[in-house]
1. I'd like the residue in segment 204-237 that is on the phi < 0 side of the Ramachandran plot and of a type in the set (Gly, Ala, Ser) and, out of all such residues, is modelled with the lowest pLDDT.
2. Tell me whether segment 226-237 contains one or more residues that are assigned to a helix (DSSP H, G or I) and in contact (Cβ under 8 Å) with a residue 40 or more places away in the chain.
3. Of these, SER103, SER121, SER85, which one is small (Gly, Ala, Ser), more than 22 Å from PRO160 (Cα to Cα) and in contact with a strand residue (DSSP E or B) (Cβ under 9 Å, 6 or more places away or on another chain)?
4. Against the condition closer than 27 Å to MET74 by Cα, without any contact (Cβ under 8 Å) to a residue 12 or more places away in the chain, assigned to a loop (DSSP other than H, G, I, E, B) and not β-branched (Val, Ile, Thr), how does ASN137 come out, does it pass?
5. Could you tell me which numbered condition ASP76 fails, if it satisfies all but one of (1) at pLDDT 95 or above; (2) over 14 Å from the mean Cα position of the chain (by Cα); (3) under 18 Å from GLY161 (Cβ atoms); (4) of a type outside the set (Phe, Trp, Tyr)?
6. Taking the residues in segment 10-30 that are among the acidic types (Asp, Glu) and modelled with pLDDT of 95 or more as candidates, determine which candidate is surrounded by the most Cβ atoms within 10 Å (Cβ to Cβ).
7. Which members of segment 140-189 meet the condition of being part of a strand (DSSP E or B) and aliphatic (A, V, I, L, M)?
8. Of all the residues that make up segment 81-109, how many are basic (Lys, Arg) and more than 15 Å from SER159 (Cα to Cα)?
Amino acid sequence: MNKQPNMTEIIENFHNGEFIFLHDDDSRENETDIMLAAKHVTPKKINQMRQLGGGLLCVGISPDIGSKLNLSYMWDILLQTKSPSLSNLVNTNRNTSQRSTHSITFNHRTLGGATDLQRSSTISSLHELCKGYNSNNNLSRDFHSMFESPGHLQMLIGSPGLLKSREGHTELSLFLCEVSNLIPIVIMCEILDNQTFTAKSAVDCEQLAKENNITFIEANTILDYYKTNFDNGPGET
């Protein structure tokens, strides 16, 4: 791997709307995701993410936003259902820190759909709604009137405490939003290999990033920054 960019450069690039390729630890998924702050979503950028990534297009939100929207993780929704056939799908052998951050799928009620324009509009509307999430006492009501489920976008909710409790792509990217002074909503997509039909290797993702002038970083770059600079900062609420 080439020398990693410093966090000041990463934060500036991410804040300004550039893509980030983020490779997590080899001991975890050993996958690279392409990330974009939701503030900067456009139909063209959604198209680029699909072309460069090829995986599931997801929208990650902070646990604070998830709580204010009254949303739960899908595993929790399934466990609460009255249908045993659904609740039995949850792997209860995993502790909560190992479970998926997947929540509902969703669309904007009038603007949403499967196209790049429709998905961009849905994400942009969510970001606009959540700009005042700390002070909007009607956020959940407004969300439920504007959006519907099921839909064409997969929502993820960061784990409580973010990197304090889990070190996945969701938490890493949401922490990056927070230190970049952005509303903690992020778009992410796994980068797949159309030759091996598996996740594209970190080496190949780094080369792809170089060819497209995109910053490639390892998870440890963010984790080291977090551990060095934040005892009770972003991600500790």
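1. Taking segment 204-237 and keeping what is on the phi < 0 side of the Ramachandran plot, we get 204-212, 214-234, 236-237.
Now narrow it down to the ones that are of a type in the set (Gly, Ala, Ser): 209, 219, 233.
Details: ALA209: 97, ALA219: 95, GLY233: 50.
My answer is GLY233.
2. Checked against the condition, which is being assigned to a helix (DSSP H, G or I) and in contact (Cβ under 8 Å) with a residue 40 or more places away in the chain, segment 226-237 yields at least one hit.
3. It is SER121.
4. Working: closer than 27 Å to MET74 by Cα: yes; without any contact (Cβ under 8 Å) to a residue 12 or more places away in the chain: yes; assigned to a loop (DSSP other than H, G, I, E, B): yes; not β-branched (Val, Ile, Thr): yes.
Considered against the rule, which asks whether it is closer than 27 Å to MET74 by Cα, without any contact (Cβ under 8 Å) to a residue 12 or more places away in the chain, assigned to a loop (DSSP other than H, G, I, E, B) and not β-branched (Val, Ile, Thr), ASN137 comes out as yes.
5. (1)
6. We begin by selecting, within segment 10-30, every residue among the acidic types (Asp, Glu); these are 12, 18, 24-26, 29.
Remaining after also requiring modelled with pLDDT of 95 or more: 12, 18.
Working: GLU12: 13, GLU18: 16.
Only one residue tops the list, namely GLU18.
7. Of the residues in segment 140-189, the ones part of a strand (DSSP E or B) are 147-157, 185-189.
Passing the criteria: LEU153, MET155, LEU156, ILE157, ILE185, VAL186, ILE187, MET188.
8. Within segment 81-109, residues that are basic (Lys, Arg) and more than 15 Å from SER159 (Cα to Cα) number 2.
The values are calculated or read from the model by the stated rules, or taken from the named source; none is laboratory data. Just so it is clear, the model here is predicted, and its values are computed rather than measured. When we count neighbours, we look across all protein chains shown, and the Cβ atoms used for this are built from the backbone with ideal geometry, even at glycine.
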